[in-house]
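Notes to accompany the following structure.
The values are calculated or read from the model by the stated rules, or taken from the named source; none is laboratory data. All figures in this text were calculated on a predicted structure; none of them were measured in a lab. Neighbour counts are summed over all protein chains in view; Cβ atoms, including those assigned to glycine, are modelled from backbone coordinates with ideal geometry. Just the protein is used for accessible areas: all its heavy atoms, side chains included, with ligands, DNA and RNA removed. Shrake-Rupley method; radii C 1.70, N 1.55, O 1.52, S 1.80 Å.
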Amino acid sequence: MLDAKDRYDQYIDSGQPWLGEVPAVWSLLRNKALFKEQTAAVGKAAKDYKLLSLTLGGVIPRDMENPKGKFPAEFDTYKKVAPDDLVFCLFDVAETPRAVGRADEAGMITGAYTILRANPSVNSRYLTYYYLSLDYDKRLSSLYTGLRNVIKIDTFMSIRTPVPDLDTQNRIV
């Protein structure tokens, strides 16, 4: 836990209306420097992948013994997910109970979601907590477009995220 001795001497404006000031020693990096989009689909190998779901509890395996909800006829277009990947729902964001989660295990998830892999020099859990905090009260609403409240991937990848040094990220986590 951070305490009084961890306060910083100088702060700067983040340039993000939802964030305010951040410690001057932190970097403000565009998401395109922090993430790489993962677009690989499972294709005909879908049967070899665990079905995952983005929920309020994070990215979890679906219960296929007692399936509930709708399922497609085929899963070919579902995307591959690896452990530590972040899953974002960048559409219907205002109505979506949870717009981000981090995968603890490999599997597949609907192709409608955006799968992002964190740069190895950044703690994926730190990024998850940061985006969960923004999702909690939908602070990215200024980025929504259209009737479906979509955040376009190019827009998302261009925003800046505050990134402290790795030791501080680990302490925050």
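Some observations on this one:
- Residues in region 5-42 that are open to solvent by 50 Å² or more (accessible area, probe 1.4 Å), closer than 16 Å to Tyr126 by Cβ and out of contact with any Pro (no Cβ under 9 Å at 6 or more places or on another chain): Ala33 only.
- Filtered residue count, region 49-59, keeping only those that are modelled with pLDDT of 95 or more and open to solvent by 30 Å² or more (accessible area, probe 1.4 Å): 2
- Spans of strands (runs of 3 or more DSSP E) in region 82-173 with at least 3 residues of a type outside the set (Gly, Ala, Ser) and touching a helix residue (DSSP H, G or I) at 6+ places or on another chain (Cβ under 9 Å): 114-118, 160-163
To keep it simple, each residue is scored yes or no on (1) assigned to a helix (DSSP H, G or I); (2) farther than 23 Å from Thr128 by Cβ.
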{"site": "Leu28", "(1), (2)": "no, no"}
{"site": "Ala33", "(1), (2)": "yes, no"}
{"site": "Lys44", "(1), (2)": "yes, yes"}
{"site": "Val59", "(1), (2)": "no, no"}
{"site": "Glu65", "(1), (2)": "no, yes"}
{"site": "Lys70", "(1), (2)": "no, yes"}
{"site": "Asp76", "(1), (2)": "no, yes"}
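- Where a residue in region 150-168 is touching a residue at least 12 places away in the same chain (Cβ under 8 Å) and its partner, wherever it lies, is open to solvent by 80 Å² or more (accessible area, probe 1.4 Å) and in a helix (DSSP H, G or I), with Cβ under 6 Å and at least six apart: Met157/Lys32
- Filter result for Glu37 (in a strand (DSSP E or B) and of a type in the set (D, E, K, R)): yes
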